[in-house]
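The values are calculated or read from the model by the stated rules, or taken from the named source; none is laboratory data. It should be emphasised that the depicted structure is a prediction, and the values quoted were computed from it without experimental measurement. All Cβ positions, glycine included, derive from the backbone under ideal geometry; neighbour counts span all protein chains shown.
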């Protein structure tokens, strides 16, 4: 729920049913207003991203161009809006965070203005950055900070073929385009595989398709070897890698219910 006067999120657990009639419990829930939460990150710093002097634990980005933080020391049931960029018609479709003891940054993917908004530990806008060489019909969609580098996924709004994944430094400097082409369709979620393989780290990308069907691709961090490891399935969601890095977990709807599967990705 949201406090209508303060504009804060009520993070008390509420129960209801989702669009597929599955019972679910929500930690943070907003009423039917254009405030839909998209990205969520965990803040491991005790000094950055404080709310009224209290450390925040989870930080949320929303489609209405706001960023909210939940500081349980301040209020265990309410998350407070820390950034409001709605005046610039921002629409945040993803959120990433650095993982340092201090001096951290947030990266919010503004799909409307086609930039990544970079905020410091005081929720102050540092800069906005992006790739001016990406075709104009593509816009930023997903963002992730992996091992000190920022990965940005570009997609055609409203489901279109093709896509790009760019690599930036944490100060917003463009490094290179890692992956591009038809195999990326509404690419959004990205996660790093543990450094178990001899050829280094890999990135798992969830590719959004039409009709709520997705696929999962793996690629090396240099952009080579992109391959589809889980083909298109209904309501597919990629999960974590196993501790030894040999398997990838994922879930999708099968026979009317959601089930969890794993796939060997060593080869």
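Of the residues making up the stretch 93-122, just one is over 24 Å from residue 132 (Cβ atoms) and either in contact with a helix residue (DSSP H, G or I) (Cβ under 6 Å, 6 or more places away or on another chain) or not in a loop (DSSP other than H, G, I, E, B) (or both), namely 97.
Of all residues in the stretch 247-257 being in contact with a strand residue (DSSP E or B) (Cβ under 6 Å, 6 or more places away or on another chain) and over 11 Å from residue 233 (Cβ atoms), which is surrounded by the most Cβ atoms within 10 Å (Cβ to Cβ)?
248
Hey, among 123, 168, which residue is at positive phi and at pLDDT 95 or above? Step through it out loud before you land on a result.
On the way: 168 fails: at positive phi.
So the residue among 123, 168 that is at positive phi and at pLDDT 95 or above is 123.
Just one of (1) closer than 30 Å to residue 104 by Cβ; (2) surrounded by fewer than 19 Cβ atoms within 10 Å (Cβ to Cβ); (3) at pLDDT 70 or above fails for residue 216. It is (2).
When you check residue 205 against the structure, is it surrounded by 13 or more Cβ atoms within 10 Å (Cβ to Cβ) and either modelled with pLDDT of 75 or more or touching a helix residue (DSSP H, G or I) at 6+ places or on another chain (Cβ under 8 Å) (or both), yes or no?
Values: surrounded by 13 or more Cβ atoms within 10 Å (Cβ to Cβ): yes; either modelled with pLDDT of 75 or more or touching a helix residue (DSSP H, G or I) at 6+ places or on another chain (Cβ under 8 Å) (or both): yes.
Yes, satisfied.
In the set (1) closer than 14 Å to residue 50 by Cα; (2) touching a strand residue (DSSP E or B) at 6+ places or on another chain (Cβ under 8 Å); (3) not in a strand (DSSP E or B), residue 90 fails one condition alone, (1). Among the residues of the stretch 155-170, the ones that are crowded, with 22+ Cβ neighbours inside 10 Å and either under 15 Å from residue 217 (Cβ atoms) or under 12 Å from the mean Cα position of the chain (by Cα) (or both) come to 4 in all. Being part of a strand (DSSP E or B) and either touching a residue at least 60 places away in the same chain (Cβ under 8 Å) or surrounded by fewer than 21 Cβ atoms within 10 Å (Cβ to Cβ) (or both) is a property that holds for residue 176. Residues in the stretch 135-162 that are part of a loop (DSSP other than H, G, I, E, B) and either closer than 21 Å to residue 63 by Cβ or at pLDDT 95 or above (or both): 137, 138, 156, 157, 158, 159, 160.
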